[in-house]
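> Got a structure for you, written out below as structure tokens; questions coming shortly.
The values are calculated or read from the model by the stated rules, or taken from the named source; none is laboratory data. For clarity, every value in this text was computed on a predicted model and none was experimentally measured. A quick note on method: Cβ atoms are made from the backbone with ideal geometry, for glycine too, and the neighbour counts reach across all protein chains shown.
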Amino acid sequence: MLRFLDKACSAVNRVIEYLLFGLGFSMAILVAVQVFCRYILNSSLFWSEELARYMLVWLSFFGATVAYYRNLHPGVDALTTRISAAKQRISRLLVHVTAMALALIMVISGTQFAWFVRMQISPALSIHKWIILIVIPLSGAVLFVYALAFFLKTLQQASQ
């Protein structure tokens, strides 16, 4: 079970990293084209700023999941390095339980909010806002699965 979960997490993370690369690269090109059009051609792309903002939101939420998967999330190393190995395991377990709880909040509240704004249309792009906000519950679900996998792995290491 844990081996399957590890492989699934690895595959999902790989897809998200490619998505992040595509979003980041596209956003950089979009902003460069907008600057060129505005200052060289004296004609603004009215929709580009809104699209770049939404791309940044998606980058932020999915980027957080990749940071968690790679163990790059903020931590208090000065405290955890001074405690025993058993307490370090307990600390890691608490971190993963907390991450799972916050991920569930993201899934539930994000879904509720996306449902609440489902009929609203973005001003420049004319797309439904739920399409933009669905990233909150999606990234919450991914974060929950990652945290669960790390929690189970930490438990398994403790029993060995």
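> Are any residues in the stretch 144-159 of a type outside the set (Gly, Ala, Ser) and crowded, with 17+ Cβ neighbours inside 10 Å, and if so, which ones?
PHE144, VAL145, TYR146, LEU148, PHE150, PHE151, THR154
> Please pick out the residue among VAL33, VAL15 that is of a type outside the set (Gly, Ala, Ser) and farther than 25 Å from ASN71 by Cβ.
Criteria check complete, one pass: VAL33.
> Any chance you could count how many residues in the stretch 110-160 are among the charged types (D, E, K, R) and out of contact with any Leu (no Cβ under 8 Å at 6 or more places or on another chain)?
Adding up the residues that qualify gives 2.
> Within the stretch 129-145, is even one residue without any contact (Cβ under 8 Å) to a residue 24 or more places away in the chain, part of a helix (DSSP H, G or I) and over 17 Å from the mean Cα position of the chain (by Cα)?
Scanning the stretch 129-145 turns up at least one residue that is without any contact (Cβ under 8 Å) to a residue 24 or more places away in the chain, part of a helix (DSSP H, G or I) and over 17 Å from the mean Cα position of the chain (by Cα).
> Can you name the helices (runs of 4 or more DSSP H) wholly within the stretch 1-94 that have at least 1 residues being touching a residue at least 60 places away in the same chain (Cβ under 8 Å) and of a type outside the set (S, T, N, Q)?
In the stretch 1-94, the matching helices (runs of 4 or more DSSP H) lie at 2-39, 48-69.
> Give the residue, chosen from ARG82, ARG89, ARG118, that is modelled with pLDDT under 95, out of contact with any helix residue (DSSP H, G or I) (no Cβ under 6 Å at 6 or more places or on another chain), surrounded by fewer than 16 Cβ atoms within 10 Å (Cβ to Cβ) and more than 24 Å from ARG14 (Cα to Cα).
ARG82
> Can you pull out the residues in the stretch 27-37 that are within 20 Å of SER60 (Cβ to Cβ) and loosely packed, with under 14 Cβ neighbours inside 10 Å?
ALA28, ILE29
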